[in-house]
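Everything on this sheet refers to the single structure shown next.
The values are calculated or read from the model by the stated rules, or taken from the named source; none is laboratory data. If you're wondering where the values come from, they're calculated on a predicted model, not measured in any experiment. Don't worry about glycine lacking a Cβ; one is built from the backbone with ideal geometry, like all the others, and counts go over all protein chains shown.
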Ligand SMILES: Cc1cc2nc3c(=O)[nH]c(=O)nc-3n(C[C@H](O)[C@H](O)[C@H](O)COP(=O)(O)OP(=O)(O)OC[C@H]3O[C@@H](n4cnc5c(N)ncnc54)[C@H](O)[C@@H]3O)c2cc1C
């Protein structure tokens, strides 16, 4: 049982001080009262943070704040699974909403629907236990960089996302796009089991044999079903280093570059699973035209990369950079996904939308380029970019699409692209214009695409339909809704691209 004395003191002092200062709102009073009661129920290492605490700004900071700003009366840094269950039970008893936070990079506008809730901060559930059977057990608040680094010490790796700053669980619950997906499937295809706190505050586990329906739903629509306190993933031995080529191309090279990429991915299952492609459209400075920064990586010999890079070199890139002997631990950083990159920062109003495409449509890329020129000519949006991800899909196609809640659209489309809008401050007009730009660029990227729209749930902006994110097969959405009614009948988990 947590010692209550210091908390009681802090509570009284804070109430006195804020009341005396005349700024003691009703919400703060309720938050303080709840904090006092909760403190007696939590484990010794849990900590409660209130809006008046000096660490408050830090705990509510997120990648896309203040554009994305869930409202909290208090936050709890939980230290045990039991703490999570205690908070959920307490919140239910007091009719308070709650939201789990791991990496804090969720950026869908639906998160703003939470008001006056409790933040369940999972960062103290940050653990990595390497098991003997080629699996690793990971705490629900662990970041990708932490898992990559600790597994590397054992000569192993797991299928995680690209950016080091994001949690392991966040991408995974919505599928988890990865460098390794073409070899081993999505992150979520590699989950063996999970421990979960359910909407009613009870704890359970899910795997292929225990609560298999819940396990199905967790894998693709996980944020709707519970709080994962720990989970076990398959691991794979690290057998080789990487080499990378990074090229830059101008607008005049759009046709040649993206026709080449379409050819490489024709059909997408033909691409060597160890060959990775990714690009960004960026504007280096106000005086420069936007350029495409195109990265190729190969897990294996530099010779193998050189063969695959030759057609790109033949297009006469503006710049070329080759780096060899990159370890798995370094590859995320080497390809521009390290923890220090711009997109990993906090409080930057990042806004994206997930555009899944079967192939590049060249006229659409020209339209996108035009719009991007106008967007970044406005100094408020100059640091924006367009993400042009081109994943290998051999591994994800190797998994039966019916076996998880990840929709087939996610498995079948090798391209995941989006405008990534950044701006500073919280000016309403800028926020509205940013949303308009995102909408226009999303429409441009879909231009000429015959297939129905599909948005990756973890890149969704918040205005997409359920079918657009979770799949257009009727049985699939019906099944998700049925499982939702069974496992979360009061719809407590409804703040992240909700099913209902
Ligand atoms: C810089 C950057 C890089 C990215 N890279 C990739 C990538 O390589 N691959 C990819 O697939 N996606 C990627 N994404 C998208 C990413 O999957 C989502 O933004 C994801 O929601 C972030 O998870 P988080 O834990 O960091 O954020 P949070 O905001 O903490 O969580 C996001 C949602 O998940 C819920 N949640 C968090 N922890 C848990 C838990 N333990 N149990 C249940 N629910 C939980 C939260 O309540 C919230 O609703 C990236 C996003 C950014 C901003």
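Taking the conditions exactly as written (outside any loop (DSSP other than H, G, I, E, B) and surrounded by fewer than 18 Cβ atoms within 10 Å (Cβ to Cβ)), does residue 240 satisfy them or not?
So residue 240 does not fit the description; no.
Looking for whichever is surrounded by fewer than 14 Cβ atoms within 10 Å (Cβ to Cβ), over 26 Å from residue 200 (Cα atoms) and touching a residue at least 40 places away in the same chain (Cβ under 8 Å) here; the options are 426, 400. Which one fits?
One residue alone meets the criteria, 426.
Please go through (1) surrounded by 15 or more Cβ atoms within 10 Å (Cβ to Cβ); (2) touching a helix residue (DSSP H, G or I) at 6+ places or on another chain (Cβ under 7 Å) for residue 347 and return the number of the only condition it doesn't satisfy.
Going through the list (1) surrounded by 15 or more Cβ atoms within 10 Å (Cβ to Cβ); (2) touching a helix residue (DSSP H, G or I) at 6+ places or on another chain (Cβ under 7 Å), residue 347 breaks only (2).
Of the residues 313, 305, 365, 281, which single one is over 17 Å from residue 415 (Cβ atoms), at pLDDT 95 or above, touching a strand residue (DSSP E or B) at 6+ places or on another chain (Cβ under 9 Å) and buried (at least 21 other Cβ atoms within 10 Å of the Cβ)?
After applying the criteria, what remains is 305.
Looking only at region 26-55, count every residue that is without any contact (Cβ under 8 Å) to a residue 12 or more places away in the chain and either buried (at least 20 other Cβ atoms within 10 Å of the Cβ) or within 26 Å of residue 105 (Cα to Cα) (or both) and tell me the total.
Residues flagged as without any contact (Cβ under 8 Å) to a residue 12 or more places away in the chain and either buried (at least 20 other Cβ atoms within 10 Å of the Cβ) or within 26 Å of residue 105 (Cα to Cα) (or both) within region 26-55 amount to 3.
Can you find even one residue in region 92-104 that is within 16 Å of the ligand (Cβ to nearest atom), under 25 Å from the mean Cα position of the chain (by Cα), more than 30 Å from residue 340 (Cα to Cα) and assigned to a loop (DSSP other than H, G, I, E, B)? Explain how you work it out, then say what you get.
First, pick out the residues of region 92-104 that are within 16 Å of the ligand (Cβ to nearest atom): 96-104.
Within this subset, residues satisfying the condition of being under 25 Å from the mean Cα position of the chain (by Cα) are 97-104.
Next, only the ones that are more than 30 Å from residue 340 (Cα to Cα) stay: 97.
Going one step further and asking which of them are assigned to a loop (DSSP other than H, G, I, E, B), we end up with 97.
Within region 92-104 (the criterion being within 16 Å of the ligand (Cβ to nearest atom), under 25 Å from the mean Cα position of the chain (by Cα), more than 30 Å from residue 340 (Cα to Cα) and assigned to a loop (DSSP other than H, G, I, E, B)), the answer is yes, since at least one residue qualifies.
Tell me, which helices (runs of 4 or more DSSP H) lie completely within region 338-425 with 2 or more residues that are under 20 Å from residue 107 (Cβ atoms)?
Correct list: 362-377.
Which members of region 242-263 meet the condition of being more than 18 Å from residue 386 (Cα to Cα) and without any contact (Cβ under 8 Å) to a residue 24 or more places away in the chain?
Within region 242-263, 263 is the sole residue that qualifies.
Scan region 447-466 and give yes if some residue there is in a helix (DSSP H, G or I) and closer than 23 Å to residue 186 by Cβ, otherwise no.
Yes, because at least one residue in region 447-466 is in a helix (DSSP H, G or I) and closer than 23 Å to residue 186 by Cβ.
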